[in-house]
1. Taking 22 Å as R0, compute the FRET efficiency from the Cβ-Cβ separation of residue 227 and residue 305 and round it to 0.05.
2. What full-extension length gain, to one decimal in nm, is calculated for residue 97 and residue 196 as 0.36 nm per residue of separation minus the Cα-Cα distance?
3. Quick one: what do you get for segment 43-132 if you divide its Cα Rg by 2.2 N^0.38 Å?
4. Suppose each label sits 7 Å from its Cα in the direction of the beta carbon; what would the residue 286-residue 128 distance come out to in nanometres?
5. With a 10 Å radius around each residue's Cβ, average the other Cβ atoms per peptide and rank 236-247, 57-68, highest first.
6. Which whole-number value in Å³ per residue fits the convex hull of the alpha carbons of segment 5-304?
7. Calculate the length of the line joining the C-alpha centroid of segment 59-82 to that of segment 269-292, in whole Å.
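FYI, it's all coordinate maths here, none of it is from the lab. Every value quoted in this text rests on a predicted model; they were computed, and no experiment measured them. Cβ placement follows ideal geometry from the backbone for every residue including glycine, while neighbour counts extend to all protein chains displayed.
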């Protein structure tokens, strides 16, 4: 969930990244066009932290400066989220075991409401905790690290997972969540410092990507709408997650936002399709198996040609 196959940010539409105004300077109400994020380089899909300072300019104007950017696709996200939660209410789950856990979750709730209001999305402070996530396009997780350095996921709101099972994440540590990812060892050795960065520094943004045979948002392996790749798959999609980590007041906790975007292969520029093809052909077999893309490769490369 938090760290998966990622790529360097150097392949975005602009090669120049600048620190922009603080997000609080902007009103981030609905924008017509969805941002374009293309975090793919002509190298193998791999595991890396890839943390970049939040506010970096990726070529999407105000959307890059907002925690909760909205665009013409937002109503679809909210409708699909309502449908997912109606069928699977456990997608909004908690593991609160004491007062300090509760204080961390409360701090996350306050930050969500204050930031949403500051970015022009209204005052949601009167909503019950369980209702708040329904008003967000984003999924999110709240993590707390205790005095002994042990971290746990306290609150998980995950309606649009990209091939992972939210029910296996709640209550678990950062390291335990990602232990099954191939070639994760290098990241695992730095897991303590990564968690420390998330709970004490930042905010940071990072991007992960994969490909899919559909643009459905819910890709839960058992309950979702993910289509299998076949020789006749009509369209392919680049699926990108914009992941933002924000340390919470009081220390020891952070909130981790996940916004999913899908871009049809046919909407990508020729150069982007070529870069994506190269990345896929160079990706190790174990990563393709983990991502469920082994059978996808032949048809995906045809659609990208």
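1. Efficiency, from the Cβ-Cβ distance: 0.60.
2. Roughly 33.5 nm would be gained on extension.
3. Working: Rg = 16.5 Å, N = 90, 2.2 N^0.38 = 12.2 Å.
Relative to the 2.2 N^0.38 Å estimate, segment 43-132 comes out at 1.36.
4. Output for this residue pair reads 4.6 nm.
5. The densest-packed peptide leads the list: 236-247, 57-68.
6. Spelled out: Cα convex hull of segment 5-304, divided by residues, is 125 Å³.
7. For segment 59-82 versus segment 269-292, the Cα centre distance is 26 Å.
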